[in-house]
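Novice: Sharing a structure with you now.
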Amino acid sequence: MENNQQSESEETSFVEFRRKVRSAEVLSSAMERLLKSLHFTGRVSVVVQNGRVLKSGYEEGYFRQLPTI
């Protein structure tokens with residue numbers, strides 16, 4: 001039951017993340033908190049010209065980097 005609620009919460013967070021990327025809200029502190037809660041390991045890119053966000057997108061990270069010893 002608890003696992004199902006966690007899964008739904010993660011899904012809701014990811015939907016919110018995608019909405020923020022589409023609406024170019026990627027430079028907010030709320031976005032940073034959202035990425036941390038999702039444990040996002042990909043790349044978020046933003047193209048800014050004259051102080052306006054022209055384009056934003058994300059690339060999911062599928063490979064984890066293992067810490068070097």
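Novice: Extending each Cα 7 Å along its Cβ direction at L54 and L38, get the distance between those two points in nm, one decimal.
Specialist: Computed distance between label sites L54 and L38 equals 2.4 nm.
Novice: Whole number please: convex hull volume per residue of the Cα set in the chain, in Å³?
Specialist: Cα convex hull per residue, to the nearest whole number: 122 Å³.
Novice: Size of the dipole of the stretch 1-40 about the Cα centre, Lys and Arg at +1 and Asp and Glu at -1 on the beta carbon, nothing else charged, in debye to 20?
Specialist: Here the stretch 1-40 has a charge dipole of around 260 debye.
Novice: Quantify, in whole percent, the carbon and sulfur part of the accessible surface of the chain (1.4 Å probe; protein heavy atoms only). Intermediate values should be presented prior to the final figure.
Specialist: Working: 3020 of 6200 Å².
About 49 percent, which is the carbon plus sulfur part of the accessible surface.
Novice: Round to the nearest 10 and report in Å² the accessible area of S56, as given by a 1.4 Å probe over the protein chains' heavy atoms.
Specialist: Here the residue's solvent-accessible area equals roughly 30 Å².
Novice: Oh, and also: If you place +1 on the Cβ of every Lys and Arg and -1 on the Cβ of every Asp and Glu, how big does the dipole about the Cα centre of the chain come out, in debye to the nearest 20?
Specialist: So the magnitude is around 420 debye.
The values are calculated or read from the model by the stated rules, or taken from the named source; none is laboratory data. Predicted model only: the values in this text are computed from it and were never measured. In this analysis, Cβ positions are derived from the backbone assuming ideal geometry, glycine residues included, and neighbour counts consider all displayed protein chains. Ligands, DNA and RNA are excluded from the accessible area calculation, which covers all protein heavy atoms including side chains. Shrake-Rupley method; radii C 1.70, N 1.55, O 1.52, S 1.80 Å.
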